[in-house]
Amino acid sequence: MTSPPPHDTGDELLAVRCQLGEAAAFDDLIERWHGPLWTYIRRVVGDEDAALEVVQDVWIKVLRGIPKLRDGSKLRAWLFSIARRTVMDRLRERYAGPLETEIDLSEVAADTWPSHDEHELQQLEGALARLPAVERDVLTLFYLEDLTLADIAEALKVPVGTVKSRLFRARRMLREAMDAGGAQP
């Protein structure tokens with residue numbers, strides 16, 4: 001499922017409808033944004049069961065927080081900001097506890113990644129999975145969720161320049177991981 005366009009006036013109206021307590025508005029919000037949020041969370045978390053828990057937490061936070069949203073035109077960035085904070089909280093809990101398995105993005109459906117060659121797809125998934133969470137997160141938001149630099153900056157609560165530098169670093173790291181992965185047998 002693809003995200004709605006970045007500056008869709010429907011989001012602003014939807015946010016206002018939710019804030020006014022319209023009965024069907026929250027259902028419309030979930031119908032419109034559940035797919036993109038689920039995809040983002042699943043890619044970052046790497047585990048379907050954990051992603052289900054996180055996405056439920058996200059929707060609870062959205063329900064509680066929507067009355068405080070000041071600018072409905074920023075709904076998209078606001079939703080991904082909540083999703084990102086919830087994912088990062090979950091990852092912090094995970095890394096604070098006993099070590100488990102690495103995050104594995106190889107289970108993501110092949111048709112969700114832009115590649116024609118299965119070998120290249122596996123190499124890309126492996127390289128992306130080896131990146132630190134910050135770099136994997138910014139690449140996912142920009143390339144896979146199609147957020148603008150400004151939306152990512154708002155979601156991450158950092159300046160646009162920081163987003164640009166993180167993207168630059170993440171691209172370089174992904175390229176290096178791809179090159180290193182290609183050299184492996």
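Structure notes:
- Complete set of residues in the range 9-57 that are outside any helix (DSSP H, G or I) and of a type outside the set (D, E): L20, G21, A23, A24, G46
- Unique match (being open to solvent by less than 80 Å² (accessible area, probe 1.4 Å), within 22 Å of D47 (Cβ to Cβ), modelled with pLDDT under 90 and in contact with a Gly (Cβ under 9 Å, 6 or more places away or on another chain)) among V108, V134: V108
- Test for F26: is it at pLDDT 90 or above, among the aromatic types (F, W, Y) and closer than 18 Å to T148 by Cβ: no
- G46 vs. criteria modelled with pLDDT of 70 or more, open to solvent by less than 30 Å² (accessible area, probe 1.4 Å) and within 26 Å of A23 (Cα to Cα): no
- So Q123, is it over 19 Å from the mean Cα position of the chain (by Cα), of a type in the set (S, T, N, Q), open to solvent by less than 60 Å² (accessible area, probe 1.4 Å) and at pLDDT below 85: yes
- Taken over the range 148-178, the criterion of being buried (at least 18 other Cβ atoms within 10 Å of the Cβ), under 24 Å from L124 (Cα atoms) and charged (D, E, K, R) is satisfied by R166 alone.
The values are calculated or read from the model by the stated rules, or taken from the named source; none is laboratory data. Being a predicted model, the structure only gives us computed values, none of them experimental. Here the Cβ is made from the backbone with ideal geometry for all residues, glycine too, and neighbour counts use every protein chain on show. Heavy atoms of the whole protein, side chains included, go into the accessibility calculation; ligands, DNA and RNA do not. Shrake-Rupley method; radii C 1.70, N 1.55, O 1.52, S 1.80 Å.
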